Amino acid sequence: LRDTYLGRIAEARDEGELETLRVEAVGKKGEVSLKMRELGKMSPEERQVMGPKLNALKDEINAALAAKKEALADAALDERLRTEWLDVTLPSRPRRTGTIHPISQVTEEVTAIFADMGFAVAEGPQIDTDWYNFDALNIPSHHPARAEMDTFYMHRAEGDNRPPHVLRTHTSPVQIRHMEKFGAPCRIIAPGRVYRADYDQTHTPMFHQVEGLALDKDISMANLKWVLEAFFAAFFEVDGIKTRFRASHFPFTEPSAEVDIQCSWEGGQLKIGEGDGWLEVLGSGMVHPKVLEAGGVDPNAWQGFAFGMGIDRIAMLKYGIPDLRAFFDSDLRWLRHYGFSA
Ligand code: PHE
């Protein structure tokens, strides 16, 4: 009996097995306990021999159980120490963090600069009615500007008589929406996505513009020029950058001007804000009275300027990005190179 139990205790693999053994041997109905109960039926001589023997056996088994239990706990601790150690001197695994897309970055830069000059941000829908995108901006349906814009029209099922919708071809409809809601005076910019069916190295079917609109009693082209030059100086970080206003035509402004910024090409290197070259960056002008009227603003009481600038274009210029299409390819290697850390 002694050898069987001591042998089995030595071989036990965990505390569960030990407990089973304890119950089998020295538990209330265990083999040793039963033997002890038989002592009563023995003769006094037998009892005197067997009594101490059984007691000693019980003690021995209990001691073996306790010793084995401790040994198992030690082994478990050793195993944990062996497998769960941590080398704090190892370099950490590189973590891939996202970057801010150059277009988002530039939009934020533009917004911050105009905010300093008191311009709030306005927004409008990317799917708009052709009234907001064209008619209200003094571009009636037969006007050649509609054809030039390569407009995406939303398909209408037969019998659907809602007004025609387009993907806005510019941010100018936001002028009308803002005037309708808030009237004059106002000073806003409206950055956002615009769409035209066009695709090459400098054109993508979706691109970004930022509209500007300032209305008050006596706003003039001189204010427009000052605001734009202050903007370009801050954006390209060149003091005293020059702009060139070229007479142009937009149905929604009169007079209209296309605006170029000063640049140079030295050894194929484009430098903004120096030299005697020019780069076109935006369209602008004094808001046409018909546009004010369409927005519910009295053209006899108010006047102001508007401009529309290509965000992608000025982003390319500021950060030396050669192909517009790369902005929208979602190539992670490109984004890691040109993106801004968060
Ligand atoms: N909407 C014009 C365009 O997309 C730009 C513009 C805006 C011109 C406001 C004048 C005034 O080309």
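The values are calculated or read from the model by the stated rules, or taken from the named source; none is laboratory data. Because the structure is a prediction, the values reported are computed rather than measured. For neighbour counting, all protein chains shown are included, and Cβ atoms are generated from backbone atoms with ideal geometry for every residue, glycine included. The area values use the complete protein model at the heavy-atom level, side chains included, leaving out ligands, DNA and RNA. Shrake-Rupley method; radii C 1.70, N 1.55, O 1.52, S 1.80 Å.
Worth a mention:
- Residues (part of a strand (DSSP E or B) and open to solvent by 60 Å² or more (accessible area, probe 1.4 Å)) located in the range 222-244: 244
- The listed residue being closer than 26 Å to residue 327 by Cβ and not in a helix (DSSP H, G or I), out of 188, 219: 188
- Options 308, 304, 295; residue that is at pLDDT 95 or above, surrounded by 15 or more Cβ atoms within 10 Å (Cβ to Cβ), more than 13 Å from the ligand (Cβ to nearest atom) and small (Gly, Ala, Ser): 295
- Flag if residue 171 is farther than 19 Å from residue 314 by Cβ, polar (S, T, N, Q), part of a loop (DSSP other than H, G, I, E, B) and in contact (Cβ under 8 Å) with a residue 40 or more places away in the chain: no
- Subset of the range 245-267 [within 16 Å of the ligand (Cβ to nearest atom) and open to solvent by 30 Å² or more (accessible area, probe 1.4 Å)]: 245, 246, 247, 248, 249, 250, 254, 255, 258
- Subset tally (residues that are among the acidic types (Asp, Glu) and either under 18 Å from residue 6 (Cα atoms) or open to solvent by less than 60 Å² (accessible area, probe 1.4 Å) (or both)) for the range 18-71: 6
- Cβ-Cβ under 8 Å pairs, at least 6 apart or on other chains, the range 322-342 side loosely packed, with under 14 Cβ neighbours inside 10 Å, far side part of a helix (DSSP H, G or I): 322/316
- The condition (being β-branched (Val, Ile, Thr) and assigned to a helix (DSSP H, G or I)) is satisfied by just one residue among 314, 261, 321: 314.
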